[in-house]
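Accompanying notes for the structure given below.
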Amino acid sequence: MVRFTLAALSALVALTASAPVEILGSKHVAYLSVCYPDECPIGLCYIGDFKILAIGYFADGPPKGSSATPSALGKLSVFLGNTAWEGDKKSVRVGSAGTMSTDISRNALNLGQSEIAGSASLPNENFVCFRDGSTKFKITHELERYTCTADYYCPSTDIGV
């Protein structure tokens, strides 16, 4: 009897391990990022003068590779703006996804990777934000290509029930 039970259990584990897993809930992900041009837009310049703080919104889950582009983009500041994600709450229009509100703690840049840094929300969806610092994606601004590095990774908390 014990052999039958162990054999049945082994067969069940093998069957479920090979079955596709359906992920419930939202795949939506936002990256609060700093973006720099791939080349200086005016020839010779300090590339930092052309930085953009932007939210890269990915409707189908995290980007696959550093050449991925977001489903929608929201710009918090362009070029010489001294705005930062940390501290005060921010609101940024992110294309057709809506206006995203962010609330990142003032000392979040000092956190280790994957530590909780704050939260974000769209009108009908909430996100939790973690310190990132390594995820990259591409955007285009005024016909120039930019590479963005995520300061914060914000997956949706919507479980879709």
Run down 150, 120 and say which single residue is within 22 Å of residue 25 (Cα to Cα), open to solvent by less than 50 Å² (accessible area, probe 1.4 Å), at pLDDT 95 or above and in contact with a strand residue (DSSP E or B) (Cβ under 9 Å, 6 or more places away or on another chain). 120
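Which of the residues that make up the range 123-147 are in a strand (DSSP E or B), under 22 Å from residue 26 (Cβ atoms) and open to solvent by less than 70 Å² (accessible area, probe 1.4 Å)? I'd like the intermediate steps shown before the answer.
Filtering the range 123-147 for residues in a strand (DSSP E or B) gives 125-131, 136-141, 144-147.
Next cut, under 22 Å from residue 26 (Cβ atoms) only: 125-131, 137.
Listed by number, the residues that qualify are 125, 127, 128, 129, 130, 131, 137.
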For the range 78-95, state whether one or more residues are part of a helix (DSSP H, G or I) and modelled with pLDDT of 85 or more. yes
Failed criterion for residue 17 (all others in (1) out of contact with any strand residue (DSSP E or B) (no Cβ under 7 Å at 6 or more places or on another chain); (2) modelled with pLDDT of 90 or more hold): (2)
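How many of the residues in the range 42-79 are in contact with a helix residue (DSSP H, G or I) (Cβ under 6 Å, 6 or more places away or on another chain) and either open to solvent by 40 Å² or more (accessible area, probe 1.4 Å) or small (Gly, Ala, Ser) (or both)?
From the range 42-79, those in contact with a helix residue (DSSP H, G or I) (Cβ under 6 Å, 6 or more places away or on another chain) are 57, 72, 79; that's our starting set.
Then drop every residue that is not either open to solvent by 40 Å² or more (accessible area, probe 1.4 Å) or small (Gly, Ala, Ser) (or both), which leaves 72, 79.
Residues in the range 42-79 being in contact with a helix residue (DSSP H, G or I) (Cβ under 6 Å, 6 or more places away or on another chain) and either open to solvent by 40 Å² or more (accessible area, probe 1.4 Å) or small (Gly, Ala, Ser) (or both): 2 in total.
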Odd one out for residue 56 among (1) modelled with pLDDT under 75; (2) within 19 Å of residue 157 (Cα to Cα); (3) among the small types (Gly, Ala, Ser): (1)
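The values are calculated or read from the model by the stated rules, or taken from the named source; none is laboratory data. Computed from a predicted model, the values in this text were never measured in an experiment. So basically every Cβ, Gly included, is an ideal-geometry build from the backbone, and we count neighbours across all protein chains shown. Areas reflect the complete protein model, heavy atoms only, side chains present, ligands, DNA and RNA absent. Shrake-Rupley method; radii C 1.70, N 1.55, O 1.52, S 1.80 Å.
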